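Below: one structure, written as structure tokens.
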Amino acid sequence: MPETLLQTVDLVKSFPIRRGFFSQHHFRLVAVDRVNLTIRQGETLGLVGESGCGKSTLGLTIMQLYEPTSGSVIFDGQELTSMGGGEMQKKRRQMQMIFQDPLAALDPRMTVEEILREPMDIHRVGTVTERGTEVTRLLKVTGMPSDAALRFPTEFSGGQQQRIGIARALALQPKLLICDEPVSALDVSVQAQILNLLRDLQDQFGLTYLFISHNIAVTGFMSQRIGVMYLGQMVEIGPSQVIVRESRHPYTNALLKAVPEPEPKRKRLKRSLLGDVPSPIDRPSGCPFHPRCPIAEDRCQVEAPAMREIGRTMPWRVI
Amino acid sequence: MDELLLEINNLQTEFKLNQGTVHAVNGVSFKLNKGEVLGIVGESGCGKSVTALSVMRLIEAPGRIKAGEMLFHGEKGVTDLLKLSPTDMEQVRGNQMSMIFQDPMTSLNPVLTIGYQIMEPLKIHRKMAEEQAQATAVKLLERVGIPEAALRLKDYPHQFSGGMRQRVMVAMAVACSPRLLIADEPTTALDVTIQAQIIDLINELKDEFGTAVIIITHDLGVVAEIANQVSVMYAGYVVENGPVQQIFEAPRHPYTKALMGSIPRLHSWPERLTTIEGAPPSLTDRIVGCPFQPRCQFRIERCASENPGLMPIATGHTCACWVAGHE
């Protein structure tokens, strides 16, 4: 079994909220609530959930771009939460991020070459000529034309911009790549190109991915294991095949049933889930899913179920 | 017996910009029967939304509908929507045909109450008095699943969640029981569980009011779910047209085939997804030959010089391809 690259233990990220200008009451929005996960070397863990479920915040908290409120993040055997700024900066070389909107993530006034060089300049990797060669190599592995180096991000299509974002993330030869909705803004045929590219790069460089997406079909294609989040909590996590074919948590079931499939014969069962996702500020008591849950019992309103293991590898959080 | 509702022939819409003329829709034709659902699919920039806006006659300068015929079988017999005066068109729009947009926040007026906005078409088209319109609005809101509808009439759009706003949009759109409902990416901005609710709602209302629906989306899953007929668009052209079952299970056009292969599915994970090399053509250039030809792996000599146009390949199934059409 390959070794664990990343582990989070009871990771919590909450934000203080003040309602009203003079309000004395301070609320806390718990965006990530006691999340435990592990990712092994070379593996892809997919993270799915609807908007506001905390999946992006979890990614940013793992990167230490948000300071965790409590809990720990262990990367490559080292605890990140207690690290100082300088040490963390060095560590961050090994963990990089790809964002949803590539154009927003790329500086429009920098050429592609400058964008790809910047991380190497900051971390003083190699000599100046070596950095130049590296830029050419990065463009090549991400399938960009070599004359792209001197052009600006806005001159490229969305798919190519995302390739530049990926090339920049690879510039420091990271071990872990956190992909936050990397294909959500792209058309399906371009999405397919980027997904294939990410898989090729993983094989080529032995990368480990945390793949965040609201699209469970895309996540299934990319990941060996899938974690499902709802209102900041991980409700179910397990091998992709198991999650998609025999998920046990009622929320995962509802999510799967809601996905419209491109097969006219396989029509969705009607009315799987009612209502909206509750606000994370007014989080329901007990199990956060109980107001929408089709199988909720009285107990669910008071007692939050703990994650427990069922079957071989699947922890499950339900009554 | 299938009763024809809308017949679009050779619709062409263009936008005159400083950089040149954008040929957004290049001779689109389709037919829609009463109570049927037509799905128009394609990637960004393929002209699907412009087609919808053209049917609603909502194209504004610098755009214009250059040619075509849009025969609408309305209350007063068959009319060519393109020949109607703007005032006559206003009698049709919002009354006999209505539209739902992608982003309900930008298409609802933020400074008017929900009640006012739902009652507006009822007062204008159905000449209802305030009280009657109000009662109808409450019924409509209840019908689309807004709890405590009577109280919420006085609320403003920002007081609703995204899914609820889209429900309000649907209520407004069906207020006058239109014959045709055009939904342009109605669920794209929504989460999947909310998307499922809105699709169910559109499906129910369609059966209830006997409304025909044109649904425009890039999501093939949504189309498979709701449509009877599918038109696949590419670079302003319809490249394939047919019953949903045939389009999904036996697509004939190389573009449709590639599109189907490029979506990850829930129940089968291939090693690789199908990709299409290259990029769609620029719409400012005049396209000679088949628009998909530069990216097509099955192209023959003829494709570069002659646009195939839609040709029948099976009952109700047409495809614009020299190769697939002559298999």
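All of the numbers you see were taken from the coordinates with simple rules; none came from a lab. Since the structure is predicted, the reported quantities are computational estimates derived from the model, not experimental observations. Positions of Cβ are backbone-derived with ideal geometry, glycine not excepted, and every protein chain shown enters the neighbour counts.
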**OP:** For region A:131-154 and region B:77-113, write down the distance between their C-alpha centroids in whole Å.
**Re:** 48 Å
Original post:
So what is the calculated 222 nm ellipticity per residue for the protein assembly as shown, using -39500 (n - 2.57) for each DSSP H run with n of 4 or more, over all residues, to the nearest 500 deg cm²/dmol?
Top reply: -9500 deg cm²/dmol
**OP:** Assuming a ≥ b ≥ c are the square roots of the Cα gyration tensor eigenvalues, decide whether the protein assembly as shown counts as rounded (a/c under 1.5), prolate (otherwise, with a/b larger than b/c) or oblate.
**Re:** oblate
Subject >> Residue with peak Gaussian network fluctuation, chain A [Cα springs, cutoff 10 Å], from A:136, A:219, A:57 >> reply: A:136
**OP:** Scan chain A and hand back the longest stretch that contains none of the chymotrypsin sites (Phe, Trp or Tyr not before Pro) lying in DSSP loops with at most 10 other Cβ atoms within 10 Å.
**Re:** A:23-319
**OP:** Can you find, among B:183, B:197, B:311, the residue farthest towards the positive end of the dipole of region B:176-327? Put +1 on the C-beta of Lys and Arg, -1 on that of Asp and Glu.
**Re:** B:311
**OP:** Quick one: P(r) of region B:1-109 from all Cα-Cα pairs, 5 Å bins, percents rounded to integers, in order of increasing distance.
**Re:** 2, 10, 20, 23, 21, 14, 6, 2, 0, 0
Subject >> Globularity index of region B:49-192, i.e. its alpha-carbon radius of gyration over 2.2 N^0.38 Å >> reply: 1.09
Original post:
Which residue fluctuates the most in chain A, going by a Gaussian network model with Cα springs under 10 Å, if the choices are A:296, A:104, A:149?
Top reply: A:104
Original post:
By the gyration tensor of its Cα atoms, with a ≥ b ≥ c the square roots of the eigenvalues, what is the shape of chain B: rounded for a/c under 1.5, prolate for a/b over b/c, or oblate?
Top reply: prolate
**OP:** Any of A:90/A:175; B:66/B:127; B:31/B:83; A:55/A:175 with alpha carbons more than 23 Å apart? Name them for me.
**Re:** B:66/B:127
**OP:** Please compute the net charge surrounding residue B:7, taking Lys and Arg as +1 and Asp and Glu as -1 over other residues with Cβ under 10 Å from its Cβ.
**Re:** -1
Original post:
residue A:226's amide H: which non-local residues (gap 5+, or another chain) put their own amide H closer than 5 Å, with H modeled 1.01 Å from N in plane and none for Pro or chain starts?
Top reply: A:46, A:238, A:240
Subject >> Cα-based Rg and Dmax for region A:118-273, where Dmax is the largest Cα-Cα distance (Å) >> reply: 18.8, 61
Original post:
Once the other residues with Cβ under 14 Å from the Cβ of residue B:33 are scored (Lys, Arg +1; Asp, Glu -1), what is the net sum?
Top reply: 0
**OP:** Could you state the angle between the C-alpha long axis of helix A:188-205 and the longest principal axis of the C-alpha atoms of chain A, as a value from 0 to 90 degrees rounded to the nearest 10?
**Re:** 70 degrees
Subject >> Around residue A:200: net Lys/Arg minus Asp/Glu count, Cβ-Cβ under 15 Å >> reply: +3
Subject >> For region A:172-217 and region A:51-83, distance of Cα centres in Å >> reply: 20 Å
Original post:
Using +1 on the beta carbon of Lys and Arg, -1 on that of Asp and Glu, and nothing else charged, what's the dipole of chain A about the Cα centre, debye to 20?
Top reply: 660 debye
Original post:
Out of residues 5 or more away from residue B:74 or on other chains, whose amide H comes under 5 Å of its own, with H placed 1.01 Å from N in the peptide plane?
Top reply: B:79
Original post:
Taking H as built 1.01 Å from N, whose amide H comes closer than 5 Å to the amide H of residue B:274, not counting residues under 5 places away?
Top reply: B:262
Subject >> Check: region B:4-227 dipole with +1 on Lys, Arg Cβ and -1 on Asp, Glu Cβ, in debye >> reply: 560 debye
Original post:
Which whole-Hz couplings ³J(HN,Hα) result when phi for each residue of region A:297-306 is put into the Karplus expression 6.51 cos²θ - 1.76 cosθ + 1.60, θ = phi - 60°, listed in order with x for Gly and Pro?
Top reply: 10, 4, 4, 4, 6, 10, 10, 7, x, 8
**OP:** Round to the nearest 10 and give me the degree value, 0 to 90, for the angle of helix B:130-143's Cα axis relative to the longest principal axis of chain B.
**Re:** 50 degrees
**OP:** Classify region B:237-319 as rounded, prolate or oblate from the Cα gyration tensor: take a ≥ b ≥ c as the square roots of its eigenvalues, call it rounded if a/c is under 1.5, otherwise prolate when a/b beats b/c and oblate if not.
**Re:** oblate
Original post:
Hey, with R₀ at 25 Å, roughly what FRET efficiency would residue B:271 and residue A:265 work out to, going by the Cβ-Cβ distance, to 0.05?
Top reply: 0.55
Original post:
Relative to the longest principal axis of chain A, what angle (0 to 90°, nearest 10) does the C-alpha long axis of helix A:112-122 take?
Top reply: 80 degrees
